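To start, the structure under review is shown below, and the notes come after it.
The values are calculated or read from the model by the stated rules, or taken from the named source; none is laboratory data. Please read these numbers as outputs of a predicted model, since none were measured by experiment. Note that each Cβ is placed from the backbone with ideal geometry, even for glycine, and that neighbours are counted across all protein chains shown.
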């Protein structure tokens, strides 16, 4: 118990804003201002007025972020130093990426991203290890590894930005232009959001769950990089050449990252809840398995059945159903596996309370919703400038609206009806799949339909 | 007995209910999905092909081809606006009360029942505690009101009222966005069409032939349409696509396209699309010249002009007709894209319809190391050849040879139905890089004398080699060689199979097939050698034999090719067209205002918690003792509030410890 008079003093003599700022905070502010102004003086001529405004506005935003979340300060400093190191190692020659040791094995964007990928997976293992063994040091190591992964991921993005200019000055662009790049962004943003909540609530035990979604993203990233050569730096199509990309995409990914985080804390919630109420777990899992099994059957029939389906639209529905079925199967299997692991009673003791998990879920969805709203509006404004209309009901726009409506409904349920518990947790998990479709499915699936439909 | 509420109240309650609001949000989300899965606003015939006549009609009646303009979808949206408005109207009096009142008259019992409520006894004077409480509340940003009751004091405090402004901003913002959208919607056009005052045009005809009912008023408040202008041309209208037809929107000015440019990256990918425009307006002293590009529109008189598309503007192309049969010789043609030409000089009448010319074609090309690159393969021309019966086949012919598996071919794509994938004919090129070598070989195969000569010499040579002298057999072999070659040169392998099927019963066919293949092969080789000999080549190299194999593959496909000629693009003068989109959208700024309200509101609602704290003090009979109830409510950030209330309790407890 804290000393009571301290509480009183704290409340009576509320320290002023500037009294709460530590000396290191001032150093931080000075660094940000110096860096920002240096960049402005050196590169303002290469930017348009909007980009200059972004740079200037980034200075107070970074200071505020660092002041309200102190862990962000050393993180940014590390990212800055390593990015500058990586850039200087290139000394203006792209081919150095293959020959200079520091680039080939550490800081070229591809190596940095590989490090990030490996470290995230490792951190996931450490988080789960620490959860099951109650080993505080293992959990702390997991946090440290996550921070390192986050540093490498961000360094990878920064160096890639520079590399894009080295490949060809005309190619240069912020690395948020294709799926490979935004997946790195997704991993980094989701990880940062998680670290914020970890620090704020002083609990490391849910880390494994959140890192699970990041590891899944890493798996996709690697698959995508190796099979599609997506890690190649390619020039921008004319429609993407706009300052809007610099704000629209990151804002969107804060939304996506927060929704993913919410889905994973909800998963943790569900696992904990069903551990304590096993009979309800049966009630949920049995229909899920029947559902998944049904789709698996359709999939097998589709793959090996003799009746090749002639009607293309039917094939589409079938394959859509099959994919939905696979997703259902994977989700169920994942939940079941996690549930099984958590049947180890040892994990229950230091696992966050249901209330806390619910609280984080709500906060993440609120944050995600706010940023997703901003991102969608920015997207509409960009569309007005590039496509001649702020809203055209294009599939991507429409799916953004669907995601928005979904979470708007979730928030209304929670605020106005005070709804909570497993239904809201399940809804948050389902929300991730809706989000995933908006972010990936539209590109892969509907564009396929699109080209198919173009008669 | 409960009394039945008045009907109007029930309606209000229903419209403003949270259940309706959430249902509407979900229904709109689900309905929107349909429009993303079913491609919107496509030409109607493509829907018929996809769904069949029966479903096509049902989907059309349901408005699924333009779902976001369908009456039922708009009705749901209208319901959402009404529901939101009702919600605001119903909640506002309560919110105003919340904003105004401190609820200082609250009862002791209610305070004790609150979720965040705690009671404590302090050994401290009531006045001292009150003073401390006021300081703390002020420090924490609370506003408060004091209520002196008979035997107690209530300090009623609150903060975070802007949370309610967040409620108003988000919900009014949504309505503003919908109204802004309505301003830019096609509702007026839909209504006018319904009344029959406007009638969309379905035929692709010049503007001068379009009926007056298809023209919209130049004062039309909002529109979004397209127009293609060829370089050097002007326009003062744009076209608004509507279902499978279009409307014409006159502009208050003229736009001329001076030049259109596509710039490319080193990879061949397009880097920028730019149009040099000139605006002629009688209100302007001088025409405006401006270059627009993607992401950089031009706005004049409230009409924004965007770079949306590009295409051919009627390029001049030089075409050479290489007949597959020497009888079909026709003269060369100089034509323009988008024009039709009668091809005379053959027994059958054909129409050549030039549809497109492209200067750049970026295709994936596999290099000799097996790596795929995106390469520019140069110009191409697209055209249709229509026969007398009106059947057309579409062709896409590349001007330059394309490298496939390390060998160069002249490539011609064909399709018989729009929307089909192209099938390709690969004609091997000769040492000069032309199709002449192939054509010569093909023509030789159709030349009876040459075939007879080649067949005779090869047959005689073979018979001599095996010491066989039989004039009858010799003659028979020669004749079958000539016949088979003839069939192959006109109808390909298919023709030969058909021929066998017609002349031999089933059991013999396999054997005959084998024999014929041998004979044919010998004959073809003989003719090929003869062809080479005419060119002065007596010792064919491996390259020559590859050419021979490629030629046969190409010939085997010829019967399916449909056109009597390979139409070769020999020269061109490119004339480009720029696709401009023009919009007038008075609702845009209204929508942005709504968006701003929405964003501000969302942040206020999520990050400002509306909190109330009551401090209830009752001096006890013993001097310097006071009973205290500490109670509070919050609508957000419950855990933080709980923590704060705990600290508050500790603070007051410490007061009594110290004294």
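Before moving on, here are some points about what is shown:
- Among the residues of the range B:18-26, not a single one is modelled with pLDDT under 90, within 21 Å of residue A:392 (Cβ to Cβ) and not in a loop (DSSP other than H, G, I, E, B).
- Only one of the listed residues (B:103, B:90) is outside any helix (DSSP H, G or I) and either within 60 Å of the chain's Cα centre (by Cα) or not assigned by TED's automatic domain parsing to the domain that holds residue B:645 (or both). That residue is B:103.
- Which listed residue, of B:307, B:374, B:286, is more than 14 Å from chain A (Cβ to nearest Cβ) and either in contact with a strand residue (DSSP E or B) (Cβ under 7 Å, 6 or more places away or on another chain) or surrounded by fewer than 16 Cβ atoms within 10 Å (Cβ to Cβ) (or both): B:286
- Test set (1) surrounded by fewer than 18 Cβ atoms within 10 Å (Cβ to Cβ); (2) at pLDDT below 90; (3) under 60 Å from the mean Cα position of the chain (by Cα) - residue B:589 fails condition number: (2)
- Conditions (1) within 14 Å of chain A (Cβ to nearest Cβ); (2) surrounded by fewer than 17 Cβ atoms within 10 Å (Cβ to Cβ): number failed by residue B:202: (1)
- Checklist (1) at pLDDT 90 or above; (2) crowded, with 16+ Cβ neighbours inside 10 Å; (3) in a helix (DSSP H, G or I); (4) touching a helix residue (DSSP H, G or I) at 6+ places or on another chain (Cβ under 8 Å) applied to residue B:117, failing item: (3)
- Qualifying residue in the range B:256-267 (condition: in a loop (DSSP other than H, G, I, E, B), within 25 Å of residue A:386 (Cβ to Cβ), touching a residue at least 12 places away in the same chain (Cβ under 8 Å) and in contact with a strand residue (DSSP E or B) (Cβ under 7 Å, 6 or more places away or on another chain)): yes
- Candidates in the range B:23-39 are the residues that are within 7 Å of chain A (Cβ to nearest Cβ) and either touching a residue at least 40 places away in the same chain (Cβ under 8 Å) or in contact with a helix residue (DSSP H, G or I) (Cβ under 6 Å, 6 or more places away or on another chain) (or both); of these, the one that is surrounded by the fewest Cβ atoms within 10 Å (Cβ to Cβ) is B:26.
- Scanning the range B:45-71 for residues that are surrounded by 15 or more Cβ atoms within 10 Å (Cβ to Cβ) and away from chain A (no Cβ under 11 Å) yields a total of 7.
- Test: residue in the range A:163-171 that is assigned to a loop (DSSP other than H, G, I, E, B), under 27 Å from residue A:227 (Cβ atoms) and in contact with a helix residue (DSSP H, G or I) (Cβ under 7 Å, 6 or more places away or on another chain): yes
- Reported count of residues in the range A:317-374, each being away from chain B (no Cβ under 12 Å), closer than 24 Å to residue B:36 by Cα, modelled with pLDDT of 70 or more and buried (at least 19 other Cβ atoms within 10 Å of the Cβ), is 0.
- Residue within the range A:181-199 that is free of Cβ contacts under 8 Å to residues at least 40 places away in the same chain, within 14 Å of the chain's Cα centre (by Cα) and assigned by TED's automatic domain parsing to the domain that holds residue A:107 present: yes
- The residue of the range B:143-166 that is nearest to residue B:88 (Cα to Cα), among those that are surrounded by fewer than 20 Cβ atoms within 10 Å (Cβ to Cβ) and under 56 Å from the mean Cα position of the chain (by Cα), is B:165.
- Comparison of B:81, B:129, B:96 shows that the only residue that is in a helix (DSSP H, G or I) and in the same structural domain as residue B:23 (by TED's automatic domain parsing) is B:81.
- Answer from A:43, A:105, A:50 - the residue that is touching a residue at least 60 places away in the same chain (Cβ under 8 Å) and either farther than 24 Å from residue A:152 by Cα or more than 14 Å from every other protein chain (Cβ to nearest Cβ) (or both): A:50
- Residue in the range B:316-325 that is touching a residue at least 60 places away in the same chain (Cβ under 8 Å), more than 25 Å from residue B:208 (Cα to Cα) and not in a strand (DSSP E or B) present: yes
- Selected residue (only one of A:112, A:144 is surrounded by fewer than 17 Cβ atoms within 10 Å (Cβ to Cβ) and part of a helix (DSSP H, G or I)): A:144
- So residue A:202, is it more than 30 Å from residue B:262 (Cα to Cα) and within 14 Å of another protein chain (Cβ to nearest Cβ): yes
- Residue within the range B:487-505 that is touching a helix residue (DSSP H, G or I) at 6+ places or on another chain (Cβ under 9 Å) and surrounded by fewer than 12 Cβ atoms within 10 Å (Cβ to Cβ) present: yes
- Restricting the range B:1-16 to residues that are without any contact (Cβ under 8 Å) to a residue 60 or more places away in the chain and part of a loop (DSSP other than H, G, I, E, B), the residue that is farthest from the chain's Cα centre (by Cα) is B:1.
- Flag for residue A:429 being more than 30 Å from residue A:127 (Cβ to Cβ) and either at the interface with another protein chain (Cβ under 7 Å from one of its Cβ atoms) or modelled with pLDDT of 85 or more (or both): no
- Subset of the range A:384-426 [in a helix (DSSP H, G or I), within 11 Å of another protein chain (Cβ to nearest Cβ) and over 17 Å from residue A:255 (Cβ atoms)]: A:384, A:385, A:386, A:395, A:412, A:413, A:414, A:415, A:416
- If you go through the range B:387-414 and pick out every residue that is under 30 Å from residue B:46 (Cα atoms) and surrounded by fewer than 17 Cβ atoms within 10 Å (Cβ to Cβ), you end up with 6.
- When B:248, B:294, B:317 are checked against the criterion of being within 11 Å of another protein chain (Cβ to nearest Cβ) and surrounded by 15 or more Cβ atoms within 10 Å (Cβ to Cβ), a single residue qualifies: B:294.
Per-residue answers, yes or no, for (1) assigned by TED's automatic domain parsing to the domain that holds residue B:550; (2) over 52 Å from the mean Cα position of the chain (by Cα):
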position	(1), (2)
B:406	no, no
B:415	no, no
B:446	yes, no
B:451	yes, yes
B:455	yes, yes
B:458	yes, yes
B:465	yes, yes
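- Qualifying residue in the range B:613-636 (condition: closer than 30 Å to residue A:379 by Cβ, crowded, with 18+ Cβ neighbours inside 10 Å, more than 7 Å from chain A (Cβ to nearest Cβ) and free of Cβ contacts under 8 Å to residues at least 40 places away in the same chain): no
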